[in-house]
Amino acid sequence: MLLIRCPYCAVERPEVEFAYAGEAHIARPQDPSALSDEQWKDHLFIRSNPRGTHFERWRHIHGCGRFFNAVRDTVSDKFAMTYKAGLPRPSEAEIGKARS
Amino acid sequence: MSTHRISAKGRVDHGKPVRFTFNGQRFEGRKGDTLASALLANGVHLIGRSFKYHRPRGILSSGSEEPNALVGVSRGVGRSEPNTRATVLEVFEGLSTVSQNHWPSLKRDVGAINDAFYMLFSAGFYYKTFMWPKSFWNKVYEPFIRGAAGLGKSPSLPDPDTYASRYAHCDVLVVGSGPAGLAAALEAGRSGAKVILVDEQAELGGSLLSEPDTGIDGQPAWQWLKAASDELAALKNVTVLTRTTAMGYYHENFLGLCQRLTDHLDTLPEGAPRERMWRVRAKQVVLAQGSIEKPLVFDGNDRPGVMLAGAARTYLNRYGVKVGNRAVVVTSHDSAWLAAIDLAEVGVKVAAIVDIRSSVSDHLVRLARAHGIEVLTGWTATGTRGRLRVSAVRVNPVGTNGKAGRARVIACDTVLMCGGWTPSVHLFSHTKGKLDWDEERQMFLPGAPTEETRCAGAGNGTFGLAGALREGAAAGAEAAADAGFKAKASDYRVEGDFECTGISVRELPTDRNPSSAKAFVDFQNDVTAKDIRLAVREGFLSIEHIKRYTTTGMATDQGKTSNINGLAIASDAVKRPAPAVGLTTFRPPYTPTTFGAFAGYNRGSLFEVTRKTAIDGWAEENGAVFEPVSLWRRAWYFPRPGETMHQAVARECRATRQSLGMFDASTLGKIEIVGPDAAEFMNRMYTNAWSKLAPGRLRYGLLLGEDGFIRDDGVIGRLSADRFHVTTTSGGAARVLAMMEDYLQTEWPDLKVWLTSTTEQWAVIALNGPNARKLIEPFVEGIDLSDAALPHMSVAEGRICGVPTRLFRVSFTGELGFEINVPSRYGRAVWETLYEAGRQYDITPYGTETMHVLRAEKGYIVVGQDTDGTLTPDDAGLGWAIGKAKPDFVGKRSLTRSDMLSPGRKQLVGLLTRDPATVLEEGAQIVDDPSQALPMKMIGHVTSSYWSEALGRSIALAVIEGGRARQGQTIHVPMPGKAHAAEITGTVFLDPENKRLNA
């Protein structure tokens, strides 16, 4: 069972307190009607599904209830870092620093 | 009595006899015996029949790795367990055990015919043999195979035992209490760190229990062990768990420890749990799992009486049991020589030591000869004899060319084999830790860890007592230091430790045709060396494929004794080095673990939460039959004495349409949406337009996913400009709130809106029927109930029965209806008051079944029943619920994707069967032509289907391709027996003008 740090509560808690919520940094378009079918399909369904570093959303559902973002390695399953929703995607340097 | 007991030896209590039975026969053991040691003490080696060939099998090992000696255990009603390893089962007074997998008896078994047809049952036998004819698989082959194969019999009664669970945290968790684990636990414990030491056996000591003839710091090994155990017991920061298996090692140093609490006791303490599952999060872990002895692979290596040499040594030194009177040792490793000498010292005739190596340490050879043992180095074993017990072993010299020479037969009642030792890397593998291949010693060793973990001792490839103590102490001290404590590794002085070496071999060389040899690799699944080579010849090159094709390593022992032998043979056959062929992945649990231990307290009524409404108790007292709806239990119907469900539902339907029905709707999901931007938030979430909805009015709300499909619905009340009372489906409440929170927190954090779940704050009493208004009028204060002041789809706040209410004028039945929301704590009191007053109108409580019938008569959908995640609003006939002028809402963009507009989409329609008495099955498929060839073209399915008491006939809702344009046409619904014709209709069966609703 993984340990996850909630960036709002600033505590590390076991995985069972959290719910996964899909890939991060996929903002809903301001005006979906302006998108072509192709663009809308990409927004709806196409995900990066990487082997390795993955930016993803989690929710501290049995805690503060907040959604936040996380960097997790999809091979080892391990979290490198978590950060508040709305913050920019961390750089590779920041992720590397968090891992070490 | 006990022909093979040596009272001067062992740690069992020779003064405490324990009586038990095996296959009905009475035996005596000693307190401290396992079933295996107790049977061996009585000269019994034959324990069971093998899985596939029904070959007689004995005891191979002395530990949890045992593949052969599996028995059925029973102790009273419901307490039976199959496939228990005799080598770990502690005997107690009255223990009753049986052998498995034979008929009619262990000694005479009809299934052993399989052994004679050995050539037929080779690798992939099932896949090849039963391919044709295809139809025979279900009816003939599978039942036959299921009957013939398998091991023990599953218990058929509910388990009367209870199981406990516990969470724990510690600084250092040490797995294994052999010398390495003890040294680690001592260092960590002395540092003050919180330590848990866990061992699967009944007492601490590991290999020290089997090898007492060494000295540690000037003390005999067992004296040191006692001192170490006492010191650990005295340390308050150390928890010692024996009879506890570290069964799984999960992410971030989270381990499952299964502790067996009562299985070894003569009498079961009342109410005591049988097992306890510990879920431990450790800062640091030390794995000191030790090693497992490898069998040698030669013809007849599975005969009862053939066992691992180390096991024989354990039975002698730990249990005071000699495993035979005349033994031959077959080995490729020094350790078996030590076993032979231990046995010779208590008077066992060791006829010969057959070592495949041509050169062995002079010390061992001298020692053996001094004990009168014939030494045959550079020899091989090529066969055994005996039916139910080995009677002789066939041995041959191996020439310099590697070929076996002329055979010699040596009579014996025991063959002790040793092919070297395999470090136990199981738990390390659970963590996906990398394994490094040691080519010289032919073993996988723990490599770079992925967790905060250290391996020590034989499990790390460090064999010998001195090395184990040194490495264990270092690991314990380092682990404690990494957990924040000051620790220093002690030095140990060891005497009498002989550092054993050996070589790894594949199948032993033979002068016979290897393809007729029954040289077993995996004893539990009956896989021979020949099977593995055959699999490779047939093209299976990866160990993962070879494993699945031959089933090697797939039995309940996960190949603890067989994996490395299997890999070595596969690697030779594939002609690639072992690491390139790969080791199969070890997975939890380390040893078979009961379902009870995993379930713990979560069984029966504690298996899942049962949510009950404030009115649930009244329903129970009034004879309701309940059904589960998501986690709620809801009154399904209220049968009167002698009524069937059909009769009760028909009566409830009639009463509601004719006078007054009463329904507990408290499970409706409720979300309070409040804030200056509440209407804007509603506009973005729901399809409908909300800006112009006046306070005091209700609107049916439809919620889509961003993909355009219906997710949820519910009636929503606007209480004021900035406050909405949202209802959701009973099962969808949490999902809808989570979805709303997601959009609010992450897409529109600028909106000033607050969301609060109020599902459990409000009890909801639905009153439906022509007399609904008349009933509540006398109880309501501050609300004008007239149709003009409170028309259909409106809400008002006031009081009812003296308590605050949000009174909804709304109907899910098509009748004049009210949903009375009162704070939950008043729910039952208000219900009872209204029920008593309602007697003048023959008020009738009804359940979810009647609710479903009444709503279906009006064509009101139930999301999740009439929709399935692929229906758009238009598909469901709810196009009118879309606020066309709104620029955007969740799911809007998807509604114009090309496929969403295509003409052949399934649409919700009504169905009237040609025979009005036929009630279609929900979920039944719909076809145009019931006489077409199979497979038929299915054009839709029935979503809801009921007997309608109001219409005096059956009704149904269905989704059908292009269904709305096909009204009046006939379709067919194939069901068991016959296909039923039905006409496609609209979805509203009753009162399409809504006269009753607006009364």
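Details
- Size of electric dipole in region B:286-381: Cβ of Lys, Arg +1 and of Asp, Glu -1, about Cα centre, debye, nearest 20: 200 debye
- Efficiency of FRET from Cβ geometry, B:Glu627 and B:Met938, R₀ 25 Å, rounded to 0.05: 0.30
- Scaling the Cα radius of gyration of chain B by the globular reference 2.2 N^0.38 Å produces a ratio of 1.23.
- Loop-located chymotrypsin sites (Phe, Trp or Tyr not before Pro) across region B:460-501 with a Cβ neighbour count of 11 or fewer within 10 Å are lacking, with loop assigned by DSSP.
- Neighbour-limited loop hits for GluC sites (Glu not before Pro), region B:722-779 (at most 15 other Cβ within 10 Å; DSSP other than H, G, I, E, B): B:Glu760
- Note: relative contact order over chain B, using C-alpha pairs below 8 Å and six or more positions apart, is 9 percent.
- Efficiency of FRET between B:Trp754 and B:Ser786 - r from beta-carbon atoms, R0 41 angstrom, step 0.05: 0.75
- Per the Cα gyration tensor, region B:167-248 maps to an equivalent ellipsoid with semi-axes of 21, 15, 9 Å, ordered largest to smallest.
- Divide the volume of the convex hull around the Cα atoms of region B:623-705 by the residue count and you get 160 Å³ per residue.
- For region B:399-466, the set of trypsin sites (Lys or Arg not before Pro) satisfying both a DSSP loop assignment and a count of at most 10 other C-beta atoms within 10 Å is given as B:Arg406.
- Rg and Dmax of region B:187-312, both derived from C-alpha coordinates alone, stand at 17.9, 54 Å.
- Assuming charge only on the beta carbon of Lys and Arg (+1) and of Asp and Glu (-1), the dipole of region B:447-528 about its Cα centre is about 80 debye to the nearest 20.
- Taking amide H as placed 1.01 Å from N in the peptide plane, B:Val715 has its amide H under 5 Å from the amide H of B:Gly701, B:Thr727, each at least 5 places away in sequence or on another chain.
- Look at the stretch A:3-15: the mean tally of other chain Cβ atoms within 10 Å of its residues' Cβ atoms is 1.
- For region A:20-61, a reduction of at least 50 Å² in accessible area between the chain on its own and the assembled protein chains (probe 1.4 Å) is found at A:Arg28, A:Asp37, A:Trp40.
- Buried on assembly, region B:261-286 (at least 50 Å² less accessible surface than by itself, 1.4 Å probe): B:Arg281
- Association of chains B and A removes close to 2200 square angstrom of accessible area from solvent, both sides included, for a probe radius of 1.4 Å.
- With all projection directions averaged, the alpha carbon convex hull of region B:649-854 covers 11.1 nm².
- Per-pair calculated FRET efficiency, R0 = 45 Å: B:Asp362 and B:Arg26 via Cβ, rounded to 0.05: 0.40
- Carbon and sulfur %, accessible surface of region A:3-99 computed with the full protein complex present, 1.4 Å: 49 percent
- Put a plus charge on the Cβ of each Lys and Arg, a minus charge on the Cβ of each Asp and Glu, and nothing anywhere else: the dipole of the protein assembly as shown about its Cα centre is then about 2120 debye.
- Between B:Lys612 and B:Arg369, the contour length at 0.36 nm per residue exceeds the Cα-Cα span by 79.5 nm.
- Region B:296-419 - Rg over Rh from alpha carbon coordinates, Kirkwood radius: 0.94
- Rounded to the nearest angstrom and listed largest first, the equivalent-ellipsoid semi-axes of region B:302-362 from its Cα gyration tensor are 19, 13, 11.
- When the P(r) is computed for region A:3-99, the part past 20 Å accounts for 42% of the Cα-Cα pairs.
- Theoretical ellipticity at 222 nm over chain A - DSSP helices of four or more residues, -39500 (n - 2.57) apiece, nearest 500: -4500 deg cm²/dmol
- Net charge of Cβ neighbours under 12 Å - reference B:Thr585; Lys, Arg +1; Asp, Glu -1: +2
- Based on the Stokes-Einstein relation at 20 °C and a viscosity of 1.002 mPa s, and on the Kirkwood radius from alpha carbon pairs, region B:815-907 is assigned a translational diffusion coefficient of 124 µm²/s.
- Accessible area of region B:384-521 belonging to carbon and sulfur atoms, whole % at 1.4 Å probe: 50 percent
- Relative frequency of Cα-Cα separations exceeding 19 Å in region B:755-826, percent: 28 percent
- Heavy-atom accessible area per residue - region B:902-998, 1.4 Å, Å²: 47 Å²
- Here the Kirkwood formula, the inverse mean of 1/r across different C-alpha pairs, assigns region B:425-521 a hydrodynamic radius of 16.4 Å.
- The Rg/Rh ratio of region B:902-998, with Rg taken over Cα atoms and Rh as the Kirkwood radius over Cα pairs, comes to 0.99.
- The protein assembly as shown - Rg and Dmax from Cα coordinates, angstrom: 36.8, 114
- The helix-based estimate of mean residue ellipticity at 222 nm for chain B, built from -39,500 (n - 2.57) per DSSP H run of four or more residues and divided by its residue count, is -6000 deg cm²/dmol to the nearest 500.
- Positive end of the dipole of the protein assembly as shown (Cβ unit charges, origin at the Cα centre): among B:Ser515, B:Thr867, B:Ala829, the Cα lying farthest that way belongs to B:Ser515.
- Euclidean distance of C-alpha centroids, region B:261-339 and region B:837-859, integer Å: 67 Å
- Region B:405-425 versus region B:874-930: alpha-carbon centroid distance in Å: 73 Å
- Percent of beta bridges antiparallel (DSSP, the protein assembly as shown, rounded to nearest 5): 75 percent
- Most positive-pole-ward Cα, A:Val11, A:His54, A:Pro88, against dipole of chain A from beta carbon charges: A:Val11
The values are calculated or read from the model by the stated rules, or taken from the named source; none is laboratory data. Just so you know, these numbers come straight off a predicted model, no measurement behind them. Cβ coordinates were reconstructed from backbone atoms using ideal geometry, including for glycine residues, and neighbour counts include every protein chain displayed. Remember, those area values only see protein heavy atoms, side chains included, never the ligands or the DNA or RNA. Shrake-Rupley method; radii C 1.70, N 1.55, O 1.52, S 1.80 Å.
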